[in-house]
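For reference, the structure is listed below as structure tokens.
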Amino acid sequence: MGLSKLQFVVVFVLCSLLVTSQSKDVRENAYSQCVYKGSCVSNRDCKSQCGPPEFPPETIGLCQPSPRGHGNICCCAKD
């Protein structure tokens, strides 16, 4: 027995909502490990912002989309 168009749409919407909510949780968990320091265009912009003396030398500086959706921001995280 096949699904009607309405049943297919309902199943598709439910799956989409599930995937969207799960991916949002993953993104928020990834961001929670960061200390944010200033805006950036590339990872090179984050080297000075995520380096000594404020952070240990092994700190990684990554240029990531802002969690609030306003451009890019440096994420300073330990290796």
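The values are calculated or read from the model by the stated rules, or taken from the named source; none is laboratory data. Model, not experiment: these values are computed from the prediction. Methodologically, a virtual Cβ is constructed for each residue, glycine included, from the backbone with ideal geometry; neighbour enumeration extends over all protein chains shown.
Take the residues in region 27-41 that are surrounded by 10 or more Cβ atoms within 10 Å (Cβ to Cβ) and assigned to a helix (DSSP H, G or I), then tell me which one is modelled with the highest pLDDT.
Ala30
Give region 51-75 a look and list any residue that's over 11 Å from Cys40 (Cβ atoms) and surrounded by 17 or more Cβ atoms within 10 Å (Cβ to Cβ), or say none.
Scanning region 51-75 gives Phe55, Thr59.
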